[in-house]
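The values are calculated or read from the model by the stated rules, or taken from the named source; none is laboratory data. Treat the numbers as computed from the prediction; the structure is a model and nothing was measured. Note that each Cβ is placed from the backbone with ideal geometry, even for glycine, and that neighbours are counted across all protein chains shown. What goes into the accessible areas is simple: the full protein's heavy atoms, side chains included, and nothing from ligands, DNA or RNA. Shrake-Rupley method; radii C 1.70, N 1.55, O 1.52, S 1.80 Å.
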Amino acid sequence: MNISVVIPLLNEQESLIELHDWIAKVMQSNHFSYEILFIDDGSTDDSWKIIQQLSEKNNAVKGIQFLRNFGKSQALHAGFEKAQGDVVITMDADLQDNPEEIPDLYNMILSEGFDMVSGWKKKRYDAVLSKNMPSKLFNWAARKTSGVKLNDFNCGLKAYRQNVVKNIDVNGEMHRYIPVLAKNAGFTKIGEKVVQHQARKYGETKFGMDRFIHGFLDLITIWFISRFGRRPMHLFGALGVMMFAIGFAFSFYLGIDKLFLNPDGRLITDRPQFFIALVTMIIGTQFFVAGFLGEIILRTKENRKRYLIKDAI
């Protein structure tokens, strides 16, 4: 199979038929073998009923329905697990991503050898203050922190070689950072393509300003995980040893001072340096224990389901 199109969605009943017809037209005109995977992330409208109807008319349409809303990352993870195409395309269900971009994205993966190609909505039709400006700030911070030189981390339209989506773990709200996850997994040939952004035709956006706050917090998380996720002792152990050494040095100085340099001076417990040394050694010990526990958890953790599937077709 040439292409799998993975589409996470939440309450997009108005756009699904139009989106399906548009994708099917592009696929047929380019003679691609394909599948369309709709991942219903707990919709409360008739989205799942429409997906079932589309599946009856087109054997290429498949779907997964979550029991409730688990988030876009979990929806993408479920779609990636089920995808069978040589190239996996992700796009949003709100018709703001243009299916006409799919052939070029497919060719960039197969012909130009990219592991992943991310869309760049260079010209956007979103509100400038509430979306465009925060998005630019967010993308700048993501580039500086991750080292992945993309202009638009948030673009839902992306293309992946199949072995990329099968070897990355998208969880929490890390869908924004799939390029970083891919880079950390060893897939370093990451490209970018300017794609057309279209104004929302139906409904309202499911994301508010809080997504940028969450995005920055997730950026800190993924920076930490990418550097120390598999070796927490390297960070916490080093900090612990450093803090303990500072505290011990203070204590050693106080002991020498009291025994030899100034034996008639104040009691050690009356000196502020004593409490600084004590607190520093305690904090250092706690850091060291945190790193040790992190190593144990890392080696004993179990992979648990992060979403529950209600139905699938």
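In this structure the amide hydrogen of residue 121, modeled in the peptide plane, comes within under 5 Å of the amide hydrogens of 195, none closer than 5 places in sequence on its chain.
Roughly how many debye, to the nearest 20, is the charge dipole of the chain about its Cα centre, given +1 on each Lys and Arg Cβ, -1 on each Asp and Glu Cβ, and no other charges? Once rounded to the nearest 20, the dipole reads 880 debye.
Using a probe of 1.4 angstrom and keeping all protein chains present, the accessible surface of the chain works out to 52 square angstrom per residue. Annotation: amide H of residue 61 within the under-5 Å range of 36, sequence separation 5 or more or interchain, hydrogens built in the peptide plane. Of the solvent-accessible surface of the chain, computed with a 1.4 Å probe and all protein chains present, 58% belongs to carbon and sulfur. For the range 274-283, putting each phi into the Karplus relation 6.51 cos²θ - 1.76 cosθ + 1.60 with θ = phi - 60° gives couplings of 4, 6, 4, 5, 5, 5, 5, 5, 5, 4 Hz, in residue order, rounded to whole numbers and with x for Gly and Pro. Seen through its C-alpha gyration tensor, with square-root eigenvalues sorted a ≥ b ≥ c, the range 16-70 comes out prolate because a/c lies at 1.5 or above while a/b is bigger than b/c. Pairs exceeding a 21 Å alpha-carbon distance, out of 25/166; 72/122; 149/189; 144/189: 25/166; 72/122. Taken about its Cα centre, the range 238-313 carries a charge dipole of roughly 500 debye when the Cβ of each Lys and Arg holds +1 and the Cβ of each Asp and Glu holds -1. Taken one residue at a time, the phi angles of the range 255-271 give Karplus couplings (6.51, -1.76, 1.60, θ = phi - 60°) of x, 4, 4, 6, 7, 10, 8, 9, x, 9, x, 4, 4, 4, 5, 8, 9 Hz. Gly and Pro are set to x. Which of the three applies to the range 61-101, rounded, prolate or oblate, going by the alpha-carbon gyration tensor with a ≥ b ≥ c and a/c under 1.5 meaning rounded? Judged from the Cα gyration tensor, the range 61-101 comes out oblate (a/c at least 1.5, b/c at or above a/b). When only DSSP loop residues count, what GluC sites (Glu not before Pro) in the range 1-53 have their Cβ near at most 14 other Cβ atoms within 10 Å? Of the GluC sites (Glu not before Pro), not one in the loops of the range 1-53 has a Cβ with at most 14 other Cβ atoms within 10 Å. Taking the convex hull of the alpha carbon positions in the range 217-291 and averaging its projected area over all directions gives 6.0 nm².
Summarising the label geometry, the points placed 7 Å from Cα in the beta-carbon direction at residue 136 and residue 22 lie 2.6 nm from one another. Name the shape class, rounded, prolate or oblate, that the alpha-carbon gyration tensor gives for the range 26-135, where a ≥ b ≥ c are the square roots of its eigenvalues, rounded holds for a/c under 1.5, and otherwise prolate holds if a/b is larger than b/c and oblate otherwise. Verdict is oblate for the range 26-135. Close amide-amide hydrogen proximity is noted between residue 311 and 65, each under 5 Å apart and 5 or more residues distant or on a separate chain (H modeled in the peptide plane; Pro and chain starts excluded). Each label point was placed 7 Å from the Cα along the Cα-to-Cβ direction; for residue 217 and residue 259 their separation is 5.0 nm.
At a Förster distance of 25 Å, what's the computed FRET efficiency of residue 199 paired with residue 44, Cβ-Cβ distance as r, to 0.05? Approximately 0.55, to the nearest 0.05.
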